[in-house]
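Accompanying notes for the structure given below.
The values are calculated or read from the model by the stated rules, or taken from the named source; none is laboratory data. Note that the structure is predicted; figures quoted are calculated from it, not measured. Cβ atoms come from the backbone with ideal geometry, glycine included; neighbour counts cover every protein chain shown.
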Amino acid sequence: MKDICVFWFRRDLRLSDNCALFHALNSGLPVLPIFIFDETILEKLEDKNDKRVDFIYQNISYLKNKLTELGSDLIVEYGNVEEVWKNILHDYQVKKVFVNHDYEPDAINRDNIVKDIVNTAGAHYHSFKDQCVFEKDEIVKDDGKPYTVFTPYSKKWKAKLDDFYLRSFPSEKYFNNFFKVENSTPLFPIERIGFIKTNAFFPVADVSKNIIQNYSLQRDFPAINGTSHLGIHFRFGTISIREKARLAKSLNETWLNELIWRDFYMMILFQFPHVAKSAFKKEYEQISWRNNEEEFYCWCEGKTGYPIVDAGMRELNETGFMHNRVRMIVASFLSKHLLIDWRWGEAYFAKKLLDFDLSANNGGWQWAAGCGTDAAPYFRVFNPTLQTEKFDKNFEYIKKWLPDFGTIVYPKPIVEHIFARNRCLEVYKKGLSR
DNA sequence: TTTTGAGTTGTTCGA
DNA sequence: GTCGAACAACTCAAA
């Protein structure tokens, strides 16, 4: 049996400019690429129509074809990650394993277990930074502690940035080093893992120069196609963060800031993993959420009586996407107007958003609820009507998602704004003063 | 150690 | 219609 190394695809589903893959291809050993559909993750997804699984499946299928063209193959397994790894290590003479870092608590646990299994089998485990520009403790305060406020973090981030950190890893040059196989195996149908083809529309893995250049001017208007729609590609690594950061740096600082926010929240989740389950600021755990299930249902279904909120939720339910400005409005509405625990909203977004990423979703919800690292002050309550006047003046976005709007008498608001605002301020004040 | 300036995205009120 | 202050104080980060 031949000595090989294994490259494990996770949330880095691309062949080009992939750090760990580049190092695997340069390791001197033939590279066997693998992907595992993790049954413990897939079993938690209620919707067997989940478009994100289809997105992964489609990209795996594409990678497998590419690798087959190169005379190699992609080993695709479904099951328990530990068992799959034990089988791989049994079936092949694996000397090295290459992966890219993942920063989510569950993924860290999983990777530690796999690392042990790999080491026990006598192989080396190598992990690399790939999904962000700066990770973990690369951007810290002068005293060595992690930042908890975005602006100084971003200043240090920009000061540290240079071409080295944005260099690409040209894996293409070494494609000859993939493990060669006589015949590649066909990919099993998606039904094998309990899901179905969705025929979903996915955003393209590219963004026009025009959108980035005008980002700062247009990003706040949900009726305008002024945002990148790259979230899903960042989530699954079908594009390179370094490549897009180079683009951002040359074209638009506001968009660069958005990429820095992404690094920031990944760093926060890594440094303060408790945020995944509870408020960053622990005094916010004392707020008495009303948690009215009927109202939560109305919010989910886009039936709050506030057109901008309802339009946003309809967009989310129909497409798996929601414009960023509207995400803030609906999140503020749920946590502040309805006084529903931000975790309910976070979980709903997690279920519905194609671009769902734990770190950013959690950071955004905690920001909106006021309990996060760099939170909006709690008295900052979005007024849905005023937000509409500012950002969807002609009701273009609203009409797109609520076709009846303007032709029917719109349902009465679930709660009156001034009343809800005052109630929110009181409840927060009371919770925080305990 | 102390001081100082600042902190993603807002709203309301009153002049 | 426009503008500044109040909203609530507190913590963070750096000098």
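Below is a table of values for the structure above.
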| item | result |
| --- | --- |
| Odd one out for A:A205, checked against (1) among the aliphatic types (A, V, I, L, M); (2) more than 16 Å from DNA strand B (Cβ to nearest atom); (3) assigned to a helix (DSSP H, G or I) | (3) |
| Tabulated pairs, segment A:257-269, first in contact (Cβ under 8 Å) with a residue 12 or more places away in the chain, second among the aromatic types (F, W, Y) and buried (at least 24 other Cβ atoms within 10 Å of the Cβ), C-beta under 9 angstrom, 6+ apart or interchain | A:I260/A:Y153; A:D263/A:Y153; A:F264/A:Y153; A:M267/A:Y153 |
| Among (1) more than 27 Å from A:I41 (Cα to Cα); (2) among the aliphatic types (A, V, I, L, M); (3) away from DNA strand B (no atom under 16 Å from the Cβ) - the single one A:V81 does not satisfy | (1) |
| Contacts under 7 angstrom Cβ, first residue in segment A:121-150 being within 13 Å of DNA strand B (Cβ to nearest atom), partner of a type in the set (F, W, Y), 6 or more apart | A:K141/A:Y147; A:Y147/A:Y153; A:F150/A:W261; A:F150/A:F264 |
| Residues that are among the acidic types (D, E) and either within 14 Å of DNA strand C (Cβ to nearest atom) or touching a Leu at 6+ places or on another chain (Cβ under 9 Å) (or both), drawn from segment A:107-137 | A:D130, A:D137 |
| Odd one out for A:F164 among (1) more than 24 Å from A:I41 (Cβ to Cβ); (2) more than 16 Å from DNA strand C (Cβ to nearest atom); (3) touching a residue at least 40 places away in the same chain (Cβ under 8 Å) | (3) |
| Segments classed as strands (runs of 3 or more DSSP E), wholly inside segment A:43-157, with at least 3 members that are over 22 Å from A:P186 (Cα atoms) and of a type in the set (A, V, I, L, M) | A:93-100 |
| Pair list, Cβ under 6 Å, 6 or more apart: segment A:220-248 residue at positive phi, other residue at pLDDT 95 or above and of a type in the set (A, V, I, L, M) | A:G237/A:L13 |
| Qualifying residue in segment A:1-9 (condition: modelled with pLDDT of 95 or more, at negative phi and part of a helix (DSSP H, G or I)) | no |
| Some residue of segment A:210-233 being charged (D, E, K, R) and within 30 Å of A:H101 (Cα to Cα) | no |
| Tally of residues being crowded, with 17+ Cβ neighbours inside 10 Å and farther than 14 Å from A:V94 by Cα across segment A:26-37 | 3 |
| Residue match in segment A:289-298 (condition: over 30 Å from A:L63 (Cα atoms) and within 14 Å of DNA strand B (Cβ to nearest atom)) | no |
| Residue that is farthest from DNA strand B (Cβ to nearest atom), among those in segment A:381-397 that are touching a residue at least 40 places away in the same chain (Cβ under 8 Å) and within 28 Å of A:Q286 (Cβ to Cβ) | A:P384 |
| Test: residue in segment A:153-172 that is more than 16 Å from DNA strand B (Cβ to nearest atom), surrounded by 15 or more Cβ atoms within 10 Å (Cβ to Cβ) and more than 25 Å from the chain's Cα centre (by Cα) | no |
| Selection count where residues are under 12 Å from the mean Cα position of the chain (by Cα), more than 16 Å from DNA strand B (Cβ to nearest atom) and in a helix (DSSP H, G or I), scope segment A:230-273 | 4 |
| The one condition in (1) more than 20 Å from the chain's Cα centre (by Cα); (2) more than 28 Å from A:Q271 (Cβ to Cβ) that A:T319 fails to fulfil | (1) |
| Test: residue in segment A:173-187 that is buried (at least 16 other Cβ atoms within 10 Å of the Cβ), outside any loop (DSSP other than H, G, I, E, B) and within 16 Å of DNA strand C (Cβ to nearest atom) | no |
| Matching entry among A:G302, A:G312 (being under 20 Å from the mean Cα position of the chain (by Cα) and crowded, with 20+ Cβ neighbours inside 10 Å) | A:G312 |
| Residue pairs meeting the criteria (Cβ under 6 Å; at least 6 apart or on separate chains; first at pLDDT 95 or above and surrounded by 16 or more Cβ atoms within 10 Å (Cβ to Cβ), in segment A:192-217; second assigned to a loop (DSSP other than H, G, I, E, B) and small (G, A, S)) | A:V207/A:S228 |
| Test for A:K282: is it among the charged types (D, E, K, R), under 19 Å from A:K399 (Cα atoms), surrounded by fewer than 24 Cβ atoms within 10 Å (Cβ to Cβ) and more than 23 Å from the chain's Cα centre (by Cα) | no |
| Considering residues of segment A:364-378 that are among the small types (G, A, S) and farther than 14 Å from A:W344 by Cα only, the residue nearest to the chain's Cα centre (by Cα) | A:G372 |
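Listed here are the residues, each with its yes/no results for (1) closer than 28 Å to A:L21 by Cα; (2) aliphatic (A, V, I, L, M); (3) outside the structural domain of A:R325 (by TED's automatic domain parsing).
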{"site": "A:I212", "(1), (2), (3)": "no, yes, yes"}
{"site": "A:F221", "(1), (2), (3)": "no, no, yes"}
{"site": "A:H229", "(1), (2), (3)": "yes, no, yes"}
{"site": "A:H233", "(1), (2), (3)": "yes, no, yes"}
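Here's the yes/no breakdown for (1) buried (at least 18 other Cβ atoms within 10 Å of the Cβ); (2) farther than 17 Å from A:S171 by Cα:
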residue: A:F9; (1), (2): yes, no
residue: A:L15; (1), (2): yes, no
residue: A:E43; (1), (2): no, yes
residue: A:D47; (1), (2): no, yes
residue: A:R52; (1), (2): yes, yes
residue: A:N59; (1), (2): yes, yes
residue: A:L74; (1), (2): yes, no
residue: A:Y78; (1), (2): no, yes
residue: A:I88; (1), (2): yes, yes
